[in-house]
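The values are calculated or read from the model by the stated rules, or taken from the named source; none is laboratory data. Remember, it's a predicted structure, so these values are computed and weren't measured experimentally. Counting neighbours? That spans all protein chains shown, and the Cβs are built from the backbone with ideal geometry, glycine included.
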Amino acid sequence: MTALGSPVRESARHVLARCRELVRPELRAAVGRLHPWVAEMAAYSFGWCEVGGAPAGAPGGKGVRQALAVLGAEAAGADGRAGVPAAVAVELVHAFSLLHDDIMDGDATRRSRPAVWQAYGTGPAVLAGDALFALAVETLAASPGEPGTVRLLSAALADLVRGQADDLLFATRPWTGPERVTAREYEAMAEGKTGALLGCAVALGATLGGAPRDTVTALDRAGRHLGVAFQLVDDVLGIWGDPAVTGKPVGGDLREGKKTFPVLAALGSPAARHLPALLGSAEHAEEAAALIEATGGRTAALAEARAHTAAARELLTAAPLATGAAGELTGLLDLLVGRAL
């Protein structure tokens, strides 16, 4: 992996910024078609305004999914603007999923601000999420491209829902015994919850750019591997990351007792038999982190992230993609999963 601050990483950040600038006007226009109150909640979720509608410069997301859609079109040899409808649609779906995610998980903050459900109420936040989902489908259905794009989005949404359902159910299952969550089950959940929409983004862009079906399929698979690798790295940073970089407290996932990959991998070691008693406790978070590392949980998570990264890179290398866009996709891969590798 390339080092932090390297030219490759700076180039990837430039790609993200370029794609955001290309997509932002159409994304704002789409949100502007919503009911004014719902549009305000959506704008708040994107960091564009404060409660009440006053303009804000709150930090939004990186715009990864919209960048993948634009690069998917460019990888097919088309102008990046061909992928903008796909970029808007997946960004709207991502925003919808975050609104509902925060409610389901009880997360009160998002990007250092009150989550939408905290700022506006649970019912209004659900309504805003539903509106964003409907707007995403409408945006894609109205695009002048391949009619199969709505089917691609629908399939990704079905996988996302399955992944979210599994994630919620994992919380009810024991740490040990025959009903425990396995590392493989966790990866399948991560592919659905995170990877499906990343794969869909680049596949939709490629479809609108005129790519053949085999290329679209390869890009979808690459995006799914990227999503799993991203989640695994996020799990590592959720335990050992620098709060100044991640924006998360050290050991937050351990205090909350989340079933993340490093924990599940560590539980496979007999030496971690006392680990369940340490999880879900602020007092024992540091001890739990040390035990997970000592029993190989951190190493296993990073090794699996590297394997998924290599699989994504192999798919991108083998597919017949336009050279410039292929390089930018690879650079984006390095930026997203190289944070802890």
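Some observations on this one:
- Residues in segment 91-142 that are of a type in the set (Asp, Glu) and part of a helix (DSSP H, G or I): GLU91, ASP101, ASP102, ASP105, ASP130, GLU138.
Each row is one residue, and each column tells you yes or no for (1) among the hydroxyl-bearing types (Ser, Thr, Tyr); (2) in contact with a strand residue (DSSP E or B) (Cβ under 8 Å, 6 or more places away or on another chain); (3) touching a residue at least 60 places away in the same chain (Cβ under 8 Å).
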| position | (1), (2), (3) |
| --- | --- |
| GLY72 | no, no, yes |
| ALA87 | no, no, yes |
| HIS94 | no, no, yes |
| ASP101 | no, no, yes |
| VAL116 | no, yes, yes |
| ALA119 | no, yes, yes |
| THR139 | yes, no, yes |
| PRO147 | no, no, no |
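- Cβ-Cβ under 7 Å pairs, at least 6 apart or on other chains, segment 27-40 side over 15 Å from LEU127 (Cβ atoms), far side of a type in the set (A, V, I, L, M, F, W, C) and loosely packed, with under 14 Cβ neighbours inside 10 Å: none
- Which numbered condition LEU71 misses (of (1) surrounded by 17 or more Cβ atoms within 10 Å (Cβ to Cβ); (2) out of contact with any Gly (no Cβ under 7 Å at 6 or more places or on another chain); (3) at pLDDT 95 or above): (2)
- Residues of segment 312-328 that turn out to be at pLDDT 95 or above, buried (at least 17 other Cβ atoms within 10 Å of the Cβ) and either aliphatic (A, V, I, L, M) or not in a helix (DSSP H, G or I) (or both), as a count: 6
- Test: residue in segment 158-168 that is in contact (Cβ under 8 Å) with a residue 60 or more places away in the chain, in a helix (DSSP H, G or I) and crowded, with 19+ Cβ neighbours inside 10 Å: yes
- Pairing each residue of segment 318-341 that is among the basic types (Lys, Arg) with any residue that is assigned to a helix (DSSP H, G or I) and crowded, with 23+ Cβ neighbours inside 10 Å, provided the two are 6+ apart or on different chains, yields C-beta distances under 8 Å for ARG339/VAL233.
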